[in-house]
Amino acid sequence: MPFPLYVAFIWHQHQPLYKSPIAGKYRLPWVRLHGVKDYLDLILILEKFPNLHQTVNLVPSLILQLQDYIDGTAFDSYLELTLTPEQNLNLEQKQFIAECFFDAHHHTMVEPYPRYAELLDQKKVKGVAWCIENWQEQDFSDLLAWHNLTWFDPLFREQDPQIQEWFDRGRGFTLSDRQLIYSKQREIIARILPKHREMQESGQLEIITTPYTHPIMPLLADTKAGRVAVPQMLLPGLRFRWESDIELHLEKARQVYRKYFGKEPSGLWPSEQSVSPAILPIVSKQGFRWLCSDEAVLGWSLGHYFRRDQNGQVIEPQILYQPYGLDTVHGELSIVFRDHRLSDLIGFSYSSMPADVASNDLCTHLKGIHAAYLEYQQNSPHSGSDDRPWLVTIALDGENCWEYYPQDGKIFLETLYTQLSQEESLRLVTVSEFIDQFPPVDKIPPHQLHSGSWIDANFTTWIGDPVKNRAWELLAEARQVLHNHPEATQENNPEAWESLFAAEGSDWFWWLGEGHSSNQDYMFDQLFREHLQALYRALNEVVPTSLLYPLEPHGISTNQRPESLIHPIIDGEGDDHNWHGAGQIDLNAGRGTMHKNGLVKRIWYGQDHFHFYLRLDFNSDFKLDLSSADTAPNVHLFWFYPDRANYNSPILLSNLPDVPPLNYQFHHHLNIDLFARSVELNEAFEDHRWQNIPTRTKIEFNQCLEVSLPWEDLDLNPESTTRLVILLSRRGIFQTSLPEHTIIPIEVP
């Protein structure tokens, strides 16, 4: 008997814990702003189509923060400024507002509104400094209002005349208006959780959960899981192996779920769809019936590469479009794997297409899969025993993609749902509905399940580069300290445990190091360290110095970055004409006081296709004593390569501060002896040791130090990525870093 094609949409709604345990307030506003734009409207639009069933994942860390805003106990710095009388704003606050209150997708969330667009245009054309000097109080008041207004979903503008009036008015907003805007935000946020529960009880939604603060469970079990997909991955020096924490996160998630939805959760969205054999018994023991992951994880698990035809349709679709069973000691789990391409079409591509074209494209793909199902059923030699339907799983982020769509995706979703409702060959279901009616037939041996995520079926987004690894080491140290305090239980010292859970969340590792970047990188870095600081404080332990400094530089003090390839003459004379187009770092304008009027006043750096060039200008206020090896400084260049798996070794200098990036490990070390006017190149090898290797580096030191280092000596290919740390020492004793505690990013041409 032929079946329709069953389709399971799973929307993932998540925000990390933005509340600082040190400051006692929220550092970032995204729970509040996404709360009025993305969570409620998604299901209200669906509710108009009662025959369409879907699954929504609400992460516990999001739920708890929504409740804080509902209770009026959550205040973020953006909200505090919104509620500040414009005449009371100081210079620092005005600068923050001018720089940060346009944080939204400009094309869909700023430019459509004339007053908001006018202010943005002034910032772009005339600069922040001009805005601060020339904007009047009304300009700041309007900007504060529009930053909040633009996040209201179009659905609420239609439903609430007061919200629509603000959009129609456009300018002249007062503090009273902004206070009312905040009240409207809280009203909408207060409807989110009850509405989800109501629609789950009606059967149209299935609500699922995620480990408490969204940790990568396989990496909590063992950071060595990173090497399953990437065998040569560089791992943290301290191995994190706290499998017991997985159970704690799942227990906490279930507690939150029961409180808000009055029942036990059936499905689990493993954070970042990350799975491994180690997590399966724990997930099953906690009572979950099914979980989800990505098609690439299935491919690795089965040793099958999913190929697609010229239309993007999966070849051998019967392998992907079914649930699988996983036998564990605590019972059987079911697992579904998303169609990666269809999920990404919604997440990244359809926003640039007319709604009807995008909707028709998705439905055409789905109908094509159903046609393949009918053909498979007709031609399958196992048609009797294989008489079961296919399930296409489309799973993606349910909040961030919509700001790129016109009207926040409202037109697209309404068009899509209308078309899906009319397609008799397609049936939208929750995952539990399908599994209840059609339990898995095929199984994956648990030990055969691949350890990976929905990003490239590996964990490189969260572990493997020096900054991410350093974060894991700090987390491992803190976890061991907590373990050393058996008297500190969740009951009598909840602050310590909540701080641990928060720090174990995936988001900090996502934004640290290579791979992803945002305007708030520094804040994610800070929040991670603040959660760990709070853990130590709750245990009355000394907070490690390493937690007081950023894990990586977030912008360097520089007049300019390299503008072009350079070919300077290495003569030590420092002719600026020879260095035209080089990057410059003015250390006298540095953030740290240690570099003001220091030994080196300016760094010049650049490259051509064959060499890296460095120039250090020394401060004339300092007499450089080169009379002996004891008084002359040594210049050290330490290199690491975020995209390469190498042996790495630590910096071997006395009195070296235990702070990033000085406590990183590096692959190459160029040691320049100014007394001997000599150079030595060392390369890391096994057991964290250094060995000397040949180099054709050229140095000259007269008015300044100039260095030419061949890329070939570093074994670097064109278009490689490398990172440089520069230090000064005397007699093997660390003096300073240039700039202070900073990495200089270098791209090989």
> ASP408 versus (1) touching a residue at least 12 places away in the same chain (Cβ under 8 Å); (2) within 25 Å of SER293 (Cβ to Cβ): which is the lone unmet condition?
Replying inline: (2)
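Condition check ((1) part of a loop (DSSP other than H, G, I, E, B); (2) touching a Phe, Trp or Tyr at 6+ places or on another chain (Cβ under 7 Å); (3) within 30 Å of LYS601 (Cβ to Cβ)) across all residues:
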position: GLU530; (1), (2), (3): no, no, no
position: ALA534; (1), (2), (3): no, no, no
position: VAL543; (1), (2), (3): yes, yes, no
position: LEU551; (1), (2), (3): yes, no, yes
> Among helices (runs of 4 or more DSSP H) lying entirely in the stretch 146-240, which contain 3 or more residues that are on the phi > 0 side of the Ramachandran plot and outside the structural domain of ALA503 (by TED's automatic domain parsing)?
Replying inline: none
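Among the residues of the stretch 246-263, is there at least one that is outside any helix (DSSP H, G or I), within 25 Å of LEU391 (Cβ to Cβ) and assigned by TED's automatic domain parsing to the domain that holds VAL336? Talk me through it step by step, then tell me what you get.
Here is the first cut: in the stretch 246-263, the residues outside any helix (DSSP H, G or I) are 262-263.
Imposing the further condition that a residue be within 25 Å of LEU391 (Cβ to Cβ) reduces the set to 263.
From what is left, the residues that are assigned by TED's automatic domain parsing to the domain that holds VAL336 are 263.
Scanning the stretch 246-263, I find at least one residue that is outside any helix (DSSP H, G or I), within 25 Å of LEU391 (Cβ to Cβ) and assigned by TED's automatic domain parsing to the domain that holds VAL336, so the answer is yes.
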>> Test of understanding: among PRO154, PRO85, PRO114, PRO161, which residue is more than 30 Å from ARG258 (Cα to Cα) and within 28 Å of the chain's Cα centre (by Cα)?
In response: PRO154
>> As an exercise: evaluate ASN400 against (1) within 22 Å of GLN322 (Cβ to Cβ); (2) touching a His at 6+ places or on another chain (Cβ under 9 Å); (3) not acidic (Asp, Glu) and give the number of the one condition it does not meet.
In response: (1)
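So which helices (runs of 4 or more DSSP H) stay within the stretch 406-490 end to end and still have 2 or more residues that are more than 27 Å from the chain's Cα centre (by Cα), in the same structural domain as PHE9 (by TED's automatic domain parsing) and not charged (D, E, K, R)?
On the way: elements: 410-422, 431-437, 466-483.
Result: 410-422, 431-437.
If I filter the stretch 555-577 for residues that are under 25 Å from the mean Cα position of the chain (by Cα) and either touching a residue at least 60 places away in the same chain (Cβ under 8 Å) or buried (at least 18 other Cβ atoms within 10 Å of the Cβ) (or both), do I get at least one hit?
Residues of the stretch 555-577 that are under 25 Å from the mean Cα position of the chain (by Cα), as a first pass: 555-557.
Among the residues that remain, those that are also either touching a residue at least 60 places away in the same chain (Cβ under 8 Å) or buried (at least 18 other Cβ atoms within 10 Å of the Cβ) (or both) are: 556-557.
Within the stretch 555-577 (the criterion being under 25 Å from the mean Cα position of the chain (by Cα) and either touching a residue at least 60 places away in the same chain (Cβ under 8 Å) or buried (at least 18 other Cβ atoms within 10 Å of the Cβ) (or both)), the answer is yes, since at least one residue qualifies.
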> Within the stretch 596-642, can you find the residues that are free of Cβ contacts under 8 Å to residues at least 24 places away in the same chain and either buried (at least 21 other Cβ atoms within 10 Å of the Cβ) or not in a loop (DSSP other than H, G, I, E, B) (or both)?
Replying inline: LYS601, ARG602
> Can you name the condition, by its number, that SER293 falls short on among (1) within 18 Å of ILE10 (Cα to Cα); (2) modelled with pLDDT of 95 or more; (3) touching a Leu at 6+ places or on another chain (Cβ under 6 Å)?
Replying inline: (3)
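So which of THR73, THR84 ends up being hydroxyl-bearing (Ser, Thr, Tyr) and surrounded by 13 or more Cβ atoms within 10 Å (Cβ to Cβ)? First the steps, then the outcome.
Details: THR73 fails: surrounded by 13 or more Cβ atoms within 10 Å (Cβ to Cβ).
Of THR73, THR84, the one residue that is hydroxyl-bearing (Ser, Thr, Tyr) and surrounded by 13 or more Cβ atoms within 10 Å (Cβ to Cβ) is THR84.
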> Mind checking which residues of the stretch 475-534 are touching a helix residue (DSSP H, G or I) at 6+ places or on another chain (Cβ under 9 Å), of a type in the set (S, T, N, Q) and at pLDDT 95 or above?
Replying inline: THR489, GLN490, ASN493, SER499, SER506, GLN533
> Can you name the number of the only condition in (1) surrounded by fewer than 17 Cβ atoms within 10 Å (Cβ to Cβ); (2) in contact (Cβ under 8 Å) with a residue 40 or more places away in the chain that GLU206 fails?
Replying inline: (1)
> In the stretch 483-497, which residue that is touching a residue at least 12 places away in the same chain (Cβ under 8 Å) and either crowded, with 21+ Cβ neighbours inside 10 Å or among the acidic types (Asp, Glu) (or both) is nearest to ALA221 (Cα to Cα)?
Replying inline: ALA496
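Please pick out the residue among ASP327, ASP356 that is charged (D, E, K, R), farther than 28 Å from TYR404 by Cα and either assigned by TED's automatic domain parsing to the domain that holds HIS304 or out of contact with any strand residue (DSSP E or B) (no Cβ under 6 Å at 6 or more places or on another chain) (or both). Talk me through it step by step, then tell me what you get.
Values: ASP356 fails: farther than 28 Å from TYR404 by Cα.
Result: ASP327 is the single residue among ASP327, ASP356 that is charged (D, E, K, R), farther than 28 Å from TYR404 by Cα and either assigned by TED's automatic domain parsing to the domain that holds HIS304 or out of contact with any strand residue (DSSP E or B) (no Cβ under 6 Å at 6 or more places or on another chain) (or both).
How about the stretch 284-382: which helices (runs of 4 or more DSSP H) wholly inside it have at least 3 residues that are in contact with a helix residue (DSSP H, G or I) (Cβ under 8 Å, 6 or more places away or on another chain)?
Details: elements: 295-302, 317-320, 340-344, 355-379.
Of the helices (runs of 4 or more DSSP H) lying wholly inside the stretch 284-382, those with at least 3 residues that are in contact with a helix residue (DSSP H, G or I) (Cβ under 8 Å, 6 or more places away or on another chain) span 295-302, 317-320, 355-379.
The values are calculated or read from the model by the stated rules, or taken from the named source; none is laboratory data. Note that the coordinates shown come from a computational prediction; the quantities given were computed from them, not determined experimentally. Methodologically, a virtual Cβ is constructed for each residue, glycine included, from the backbone with ideal geometry; neighbour enumeration extends over all protein chains shown.
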